[in-house]
Amino acid sequence: MSKHLRGVKPALSTDSEALTKVPRGPSHLSTHARAEWVRVMPQLIARRIITRADLAGLENYCTAVGYVRQIEEARIAAGGDIDVKLFGVLNRAAQTARQLAAEYGLTPTSRARIGSAAPEDDDDNPLAV
């Protein structure tokens, strides 16, 4: 077996430029996308892994989740009938959201990979300045 770790993502760690407070969500986000932004951002900020450079990816994640919810609401409003074209859009949006969620530690597996990225209690560190 090769000693290269093909397909294995490196563990996420805290970033020295991590955001410390939740930024305001982009104004163009739909209601569902904005709700997702409000739901996940505090968790990501607490883990200290999100920087300003990550905000576009998180915006895309929230947009994809918003599409999934909007299409599902439209399906329910139409009496539960499945529109084949909308199902394709929903499926691609859900796949995109899942992939982006894994990138940012929003799935159980990716959270396990993060492990040590949670903020540490600096009071117990005798070398902390």
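The values are calculated or read from the model by the stated rules, or taken from the named source; none is laboratory data. Model, not experiment: these values are computed from the prediction. Don't worry about glycine lacking a Cβ; one is built from the backbone with ideal geometry, like all the others, and counts go over all protein chains shown.
Kindly indicate which of 84, 40 is aliphatic (A, V, I, L, M) and more than 13 Å from the chain's Cα centre (by Cα).
On inspection, the qualifying residue turns out to be 84.
Only one of these is without any contact (Cβ under 8 Å) to a residue 60 or more places away in the chain and at positive phi: 66, 88, 80, 57. Name it. Walk me through it before giving the result.
Details: 66 fails: at positive phi; 88 fails: at positive phi; 57 fails: at positive phi.
Criteria check complete, one pass: 80.
Any idea which of 98, 75, 113 is modelled with pLDDT of 90 or more, within 18 Å of the chain's Cα centre (by Cα) and assigned to a helix (DSSP H, G or I)?
Criteria check complete, one pass: 98.
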